[in-house]
Amino acid sequence: MIINFSVQNFGSIKDKQTLTFEADKSEHLENSYVINTNGLRLLKIILIYGANASGKTTILKALEFLRDIVLEPETKKTDELYFQPFLFDSETPEQNSIMSIEFLANDTKYYYEVEFFKKAIVNEVLNYYNPNKANVFKRNTDINNQFAEIKFGSKIKIDKTIEKNLEANTLWNNTVLGGFLKTNVDIKELKVVVEWFKNYLRPLIYTRTQLEGFVTSKIEKSELSKLDVINVLKKADFHITDIVIQEEEKEIPDGLIHFLKGQLKDSPDEIKKLEEKGKVTSVNIEFEHTVNQTKYTLPIEMESQGTRRFYGFAGLLALLIKNSTAFPIDELESSLHPDLYMHFILSFLLNTDKSQLIATTHNREILDNKDVFRNDAIWFTDKNENCSTELYSLADFDSSIVRNTTNILNAYKSGKLKATPNLGDNFIDLEI
């Protein structure tokens with residue numbers, strides 16, 4: 001589970017900003033929101049509000065970037081890391097960026113920090129607490145020679161040959177964890193952390209993310225029960241009684257191979273196999289609706305955007321309930337009715353055990369209902385005068401601004417909590 005995540009000099013973020021899942025002392029909605037584990041009280045969900053371009057999505061992108069540099073290491077020393085530092089400053093573009101994350105994996109607390117710029121990982125450290133703090137490794141990079149130097153902690157027993165092999169495979173633009181993925185060695189402490197990034201922290205879900213294919217593939221691979229997804233859809237009043245998934249081979253459309261050759265230059269063998277086969281496999285999805293005891297089927301293309309979006313969310317919810325995992329979601333409310341949005345949040349809170357959600361949102365209704373939110377689960381992003389992102393929690397405000405009797409929505413609308421658009425008047429003069 002995620003405990004804390006910090007980021008500095010990344011995108012719209014200039015100074016260090018920290019997002020924490022650690023619950024405050026409040027016992028409000030304790031059973032629904034708070035997971036007690038390893039002596040910690042961790043939140044299941046964090047919702048981030050803020051104006052457009054205030055940096056909400058940047059927080060999630062930073063988390064995904066950290067996941068990517070662990071799981072998708074660059075293959076060449078000349079490859080650059082794909083990100084931008086804070087650009088609205090004369091100094092930050094030349095400064096290093098830093099990210100750190102504290103998390104629980106296999107009931108052990110870990111702290112991982114990485115410092116980098118576009119060309120290289122500069123410093124990296126991994127510690128664990130069992131129960132006392134111990135170092136797993138420290139990494140420094142000789143920038144002039146483009147060489148990573150790795151030193152393991154005294155409690156990590158590792159053969160020098162293995163250590164040198166790992167060091168050789170950890171390019172100056174790779175994390176040690178990424179280098180481990182490219183090395184045929186067994187280091188259990190690194191394996192646990194890599195598996196946490198792969199299996200617990202999932203990729204960022206954007207509004208444009210096609211969840212339909214993801215959920216369908218999980219059902220086809222028996223990694224997700226079709227019945228579970230149907231049950232979630234039924235609870236959401238969609239009258240869907242079955243999901244019909246059929247594979248069909250079709251002739252390759254004219255121009256597809258030429259298009260793929262231009263787009264997928266690194267996969268010539270796969271394109272050649274497809275060209276030799278002469279056919280592509282398409283997956284057709286149909287939803288069965290039962291109306292007045294009569295069954296009707298509709299292809300997914302004829303369903304509403306809301307139905308298609310929630311089919312994906314139903315799959316996510318089933319995965320979150322059945323497994324221990326975390327999903328970052330951008331604009332959670334996209335294509336969802338406010339009641340359906342609330343239904344998804346409540347279903348997650350009431351049915352999950354050790355899963356977490358971190359989502360951006362513009363839906364302010366939840367701010368007006370103390371029965372369904374905790375102050376420490378509500379976060380805001382606001383832009384400072386230098387256009388950098390500031391991240392803070394509703395729980396950070398003292399009683400002079402937020403009391404138990406305060407109407408949070410009205411306080412937000414009035415600007416007491418900041419994080420609102422600073423709009424001018426509505427009259428616009430255009431040259432004619």
Quiz item: So which of ILE98, ILE162, ILE121 ends up being more than 22 Å from the chain's Cα centre (by Cα) and among the hydrophobic types (A, V, I, L, M, F, W, C)?
Solution: ILE162
Quiz item: If you check every pair at least six apart or on different chains, which have Cβ atoms under 9 Å apart with a residue in the range 229-249 that is on the phi > 0 side of the Ramachandran plot first and a residue that is assigned to a helix (DSSP H, G or I) and open to solvent by less than 40 Å² (accessible area, probe 1.4 Å) second?
Solution: ASP237/LEU340; HIS239/LEU233
Exercise. Could you please give the count of residues in the range 364-397 that are part of a loop (DSSP other than H, G, I, E, B), farther than 16 Å from GLN17 by Cβ and touching a Phe, Trp or Tyr at 6+ places or on another chain (Cβ under 6 Å)?
Key: 1
Quiz prompt | Qualifying positions in the range 351-363 - outside any loop (DSSP other than H, G, I, E, B), touching a strand residue (DSSP E or B) at 6+ places or on another chain (Cβ under 6 Å) and under 23 Å from LYS235 (Cβ atoms) | solution = GLN356, LEU357, ALA359
Exercise. Go through the range 7-20 residue by residue and tally those that are open to solvent by less than 30 Å² (accessible area, probe 1.4 Å) and out of contact with any helix residue (DSSP H, G or I) (no Cβ under 9 Å at 6 or more places or on another chain).
Key: 0
Quiz item: Of the numbered conditions (1) more than 21 Å from LEU357 (Cα to Cα); (2) touching a strand residue (DSSP E or B) at 6+ places or on another chain (Cβ under 6 Å); (3) crowded, with 17+ Cβ neighbours inside 10 Å; (4) at pLDDT below 95, LYS155 satisfies every one except a single condition; which is it?
Solution: (3)
Quiz item: In this structure, is SER347 crowded, with 17+ Cβ neighbours inside 10 Å, polar (S, T, N, Q) and modelled with pLDDT of 95 or more?
Solution: no
Quiz item: Among the numbered criteria (1) touching a residue at least 24 places away in the same chain (Cβ under 8 Å); (2) surrounded by fewer than 17 Cβ atoms within 10 Å (Cβ to Cβ); (3) over 22 Å from ILE3 (Cα atoms); (4) of a type outside the set (Phe, Trp, Tyr), which single criterion is violated by GLU301?
Solution: (1)
Quiz item: Regarding SER54, is this residue open to solvent by less than 20 Å² (accessible area, probe 1.4 Å), among the polar types (S, T, N, Q), touching a Ser or Thr at 6+ places or on another chain (Cβ under 7 Å) and part of a strand (DSSP E or B)?
Solution: no
Practice problem: Quick one: in the range 304-331, of everything that is among the charged types (D, E, K, R) and in a helix (DSSP H, G or I), which residue is most open to solvent (accessible area, probe 1.4 Å)? | Solution: LYS322
Quiz item: Do we have any residue at all in the range 332-343 that's more than 17 Å from LEU42 (Cα to Cα), in a loop (DSSP other than H, G, I, E, B), touching a residue at least 24 places away in the same chain (Cβ under 8 Å) and of a type in the set (Gly, Ala, Ser)?
Solution: yes
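The values are calculated or read from the model by the stated rules, or taken from the named source; none is laboratory data. On a predicted model such as this, the values are computed, not experimentally measured, just so you know. Glycine gets a Cβ as well: all are built from the backbone with ideal geometry, and neighbour counts include every protein chain shown. Protein only, heavy atoms only, side chains kept; ligands, DNA and RNA dropped before computing areas. Shrake-Rupley method; radii C 1.70, N 1.55, O 1.52, S 1.80 Å.
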